[in-house]
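So the structure is just underneath, and the comments pick up after that.
Only the coordinates and a few stated rules stand behind these numbers; no lab work does. All values derive from a computational prediction rather than experimental measurement. We place every Cβ from the backbone using ideal geometry, glycine too, and count neighbours over all the protein chains shown.
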Amino acid sequence: MLTVITIASIVVIALFVLSALRHKSLKRKMKARLGVKNDLDKCVYCGACQKWCEHKAITVSAKMWKCDDSLCSRCIKCIYHCPKKSLSLVNIGV
């Protein structure tokens with residue numbers, strides 16, 4: 001009886017670990033495909049997006065806006081707090 005419970009426990013743990021690994025892999029793939037895009041015709045370069053970015057992925061200066069996709073976590077705080085709604089999350093490829 002004890003061996004059946006032990007084997008069942010090992011199987012459940014293994015399935016949990018595989019599920020977690022699969023989730024991390026899918027999350028990485030989604031992050032690799034999405035990025036923040038700025039409609040520069042609407043942007044007033046106020047820096048609100050840069051202030052809200054916890055990962056320091058966005059750089060704003062006079063008539064220059066840049067988002068480093070390798071630092072961006074896709075939390076979309078920048079999009080939410082943009083006063084001109086010039087930012088969007090778009091598919092940028094693999």
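The table below gives the values:
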quantity	calculated
Cβ pairs under 7 Å, 6+ apart, first in region 49-75 and closer than 20 Å to R33 by Cα, second among the small types (G, A, S) and surrounded by 11 or more Cβ atoms within 10 Å (Cβ to Cβ)	H55/S73; C67/G35; C67/A57; D68/A57; D69/G35; L71/A57; C72/G35; C72/A57
Residue list for region 33-66, restricted to those being in a strand (DSSP E or B) and surrounded by 14 or more Cβ atoms within 10 Å (Cβ to Cβ)	L34, G35, V36, K37, N38, I58, T59, V60, W65
Residue, farthest from C43 (Cα to Cα), within region 82-94, restricted to residues that are surrounded by fewer than 14 Cβ atoms within 10 Å (Cβ to Cβ) and not charged (D, E, K, R)	V94
